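Participant: Sending over a structure as structure tokens; questions will come in a sec.
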Amino acid sequence: MKKIILASQSPRRKQLLEWAEIDFEVMVSEADESFSADLAIEEVPVFIARQKALAIKNKLAHNNQTIVAADTVVVLNNTIIGKPNSKEEAITILSSLSGNTHTVITGVVILHEEKEIAFADTTAVEFYTLTQEQIEFYVEKYKPYDKAGAYAIQEWIGVVGIKQIKGDFYNVMGLPVSKVVQTLHSL
């Protein structure tokens with residue numbers, strides 16, 4: 001397979017494709033990540049991933065390259081929880097996730113020549129009830145300001161705080177990598 005383009009600056013998505021031994025290069029997309037309030041929650045990450053993929057496609061001189069773009073949202077009580085802007089906001093987000101089950105939805109768009117393949121993968125994540133000290137320790141040490149839902153499952157908080165997940169673990173990291181690999185091989 002020819003080298004693909006990963007339209008993402010996420011170190012986790014990069015790491016997952018490296019683990020899958022996919023030959024790729026990273027091109028950071030400067031796409032607008034806003035979306036209409038009328039869009040169904042489960043459609044939001046695919047919509048944003050499409051914007052990222054198209055932004056890269058429009059930069060390229062040739063249309064014969066394969067572009068993979070993804071976006072991940074965390075949803076609690078039918079509300080998308082974004083990335084925290086401050087320590088206080090990260091603590092508030094994690095306090096709301098504590099003792100509850102939330103959903104992680106990653107939308108993926110693959111552009112290959114003139115074809116688009118788009119899908120979303122959903123994983124349910126249940127946290128144990130976390131203490132205020134645990135939450136503050138995690139935020140202070142790991143500074144999860146670039147993460148939807150204010151956490152990374154592969155970090156300390158995932159090790160000590162996740163009660164169970166239903167679905168793809170790697171989807172929670174930001175890319176349902178096995179599904180992406182299967183899709184790339186089908187091309």
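The values are calculated or read from the model by the stated rules, or taken from the named source; none is laboratory data. Computed from a predicted structure; not experimentally measured. Here the Cβ positions follow ideal geometry from the backbone for every residue, glycine too, while neighbour counts run over all protein chains shown.
Participant: When you go through (1) touching a Ser or Thr at 6+ places or on another chain (Cβ under 6 Å); (2) closer than 19 Å to SER10 by Cα one by one for SER98, which number turns out not to apply?
Facilitator: Unmet condition: (2).
Participant: Here are some residues: ILE157, ILE105. Which one is modelled with pLDDT of 95 or more, touching a strand residue (DSSP E or B) at 6+ places or on another chain (Cβ under 6 Å) and more than 28 Å from LEU60 (Cα to Cα)?
Facilitator: Only one candidate passes the filter, namely ILE105.
Participant: Scanning for something surrounded by 18 or more Cβ atoms within 10 Å (Cβ to Cβ), modelled with pLDDT of 95 or more, under 21 Å from GLY149 (Cα atoms) and under 18 Å from the mean Cα position of the chain (by Cα), does segment 28-44 turn up at least one residue?
Facilitator: yes
Participant: Let me ask something additional. Just need a number here: residues in segment 53-70 that are modelled with pLDDT under 95 and closer than 19 Å to VAL172 by Cβ.
Facilitator: Counting residues in segment 53-70 that are modelled with pLDDT under 95 and closer than 19 Å to VAL172 by Cβ gives 0.
Participant: Follow-up question, since we're still on this one. So which strands (runs of 3 or more DSSP E) are wholly in segment 75-153 and hold at least 3 residues that are under 17 Å from LYS166 (Cα atoms)?
Facilitator: Because the criterion is at least 3 residues that are under 17 Å from LYS166 (Cα atoms), the strands (runs of 3 or more DSSP E) in segment 75-153 that meet it are 101-112, 115-127.
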